[in-house]
1. Would you list the helices (runs of 4 or more DSSP H) that sit entirely within segment 19-112 and hold 3 or more residues that are at pLDDT 80 or above?
2. For segment 229-281, give me each residue that is surrounded by fewer than 17 Cβ atoms within 10 Å (Cβ to Cβ), assigned to a strand (DSSP E or B) and in contact (Cβ under 8 Å) with a residue 40 or more places away in the chain.
3. What number of residues in segment 189-217 are surrounded by 24 or more Cβ atoms within 10 Å (Cβ to Cβ) and touching an Asp or Glu at 6+ places or on another chain (Cβ under 6 Å)?
4. Among the residues of segment 169-197, how many are more than 19 Å from G227 (Cβ to Cβ) and over 16 Å from the mean Cα position of the chain (by Cα)?
5. Which of the residues belonging to segment 263-282 are in contact with a helix residue (DSSP H, G or I) (Cβ under 9 Å, 6 or more places away or on another chain) and within 18 Å of V223 (Cβ to Cβ)?
6. Six or more apart or on different chains, Cβ under 7 Å: which pairs go from a residue in segment 284-300 that's farther than 22 Å from L327 by Cβ to one that's among the aromatic types (F, W, Y) and at pLDDT below 90? Could you list them?
7. Within segment 140-163, can one find any residue that is surrounded by fewer than 20 Cβ atoms within 10 Å (Cβ to Cβ), of a type in the set (A, V, I, L, M, F, W, C), out of contact with any helix residue (DSSP H, G or I) (no Cβ under 9 Å at 6 or more places or on another chain) and more than 18 Å from G202 (Cα to Cα)?
Amino acid sequence: MLINKLTVIAASVIAPYMRLSIWGNYWQVCSTWRAASRSELLWQHLTHRVWTSRRRSPPSWRDEFVRLHRTAANFRARRYAYSHLLPSSPVALSCRRLTLSDHHLAAGFLNGSVCLFDLPAGQLLATYWPDPHIDRLGRFSRAISGIVLAEPDERLAFASQDGDVHVVSLSVAGSVQRAHVGNLMEDGTLVDFTGKGRWWVGLFAGVPGRSWHVWDAATEQLVYVGGTLTDPDAVLGWHMLIDLSSPAVGRVRIVEPGFVIGCTASSMEIVDLNDAGAMLIRLELPHGAVVDSVDACEDRVIAVDSRGLAMVHRLPALQEICRFSTLRRAEEQHELGEMSVCMNRDYAVVSSADRVRVWDATTGEYLYSFRERIGEALVVAAGERYVAAWATDTGLHLWDFGDM
């Protein structure tokens, strides 16, 4: 009973300090605290409170806490291992989406293929193709618009701009199944696709009143269609099927617990997935947004406006956490160019020009830039341990911040 009480006390009192490197000193106070330090319940509580993690990879929760602590320290100190996974490719093989999990990296390409890599080795495990069918409308109708990795279920789901959604069982080689058949004339173009936990969510543009599509991930059934977020961008949505050189139409991300945020260049919208797609907040963005800069992690979202100002908010009330300028001094006199932004629990990763830079996403403090100059990155993704990027001239890159 005493150990259980100490577990609760430690989780509530000591947790705020546990990200510091001095956390181990707390267990040197007395024999009672040292006994508590061996409690798996304690370390499970601390891992959830400090790192919000409910799953562990090592054998014990203490080892999981230490692993997460070291990885975050490496991320802040710019300690990583770098790998160049793929060279640059012809335009037809240009990467459109990257998705990371604890053990895999998935890359989706313009020709409709998805490559799955093992992590941390970076070995190519498989290449998946959608069910063959005649392109319905436009040369880019098969371009990948989103990938979902659900590792506890060993499933990968990917969607293309024509609205098709395919599912792959990672435990069965080559088992690609079409879970949903798209209908361009009824729904428009699927401009972005994501998923987390119970839900898959697609953002469509082209047909009024059908911006949001929500699927039950377990049953693969469509459970909601509606919304007007992308109605003003209907023409751009159709144009994506024949030309991808224009700015992205929109991005969609799921945040906990059960909210989804969608963003276009002019508007941002928050929808409650647990309440039949009820819209909670709709914001018009006076300075506009760089659509490829929108990302989310847990209950936070980041977006960069047309002036290069990044803002991190907490959902669902959109409470501002911090803001910072993504432009460095040498760039401030130039027009804001191509930019891709992603975020993990603590850090924002910004790719612009030929640099990949890192900010603290809780304070807005600028930390460093990666040593490698990879060229202009079209897409970048970040997890707690890995960062991946695809650059037009140099291909696919991976940075590993795990135990050094």
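1. Fully inside segment 19-112 and qualifying: 40-51, 61-77.
2. D272, M279
3. 3
4. 12
5. none
6. none
7. There is no residue in segment 140-163 that is surrounded by fewer than 20 Cβ atoms within 10 Å (Cβ to Cβ), of a type in the set (A, V, I, L, M, F, W, C), out of contact with any helix residue (DSSP H, G or I) (no Cβ under 9 Å at 6 or more places or on another chain) and more than 18 Å from G202 (Cα to Cα).
The values are calculated or read from the model by the stated rules, or taken from the named source; none is laboratory data. Here the structure is a predicted model, which means the values were calculated and not measured. Backbone-built Cβ (ideal geometry, glycine too); neighbour counts: all protein chains shown.
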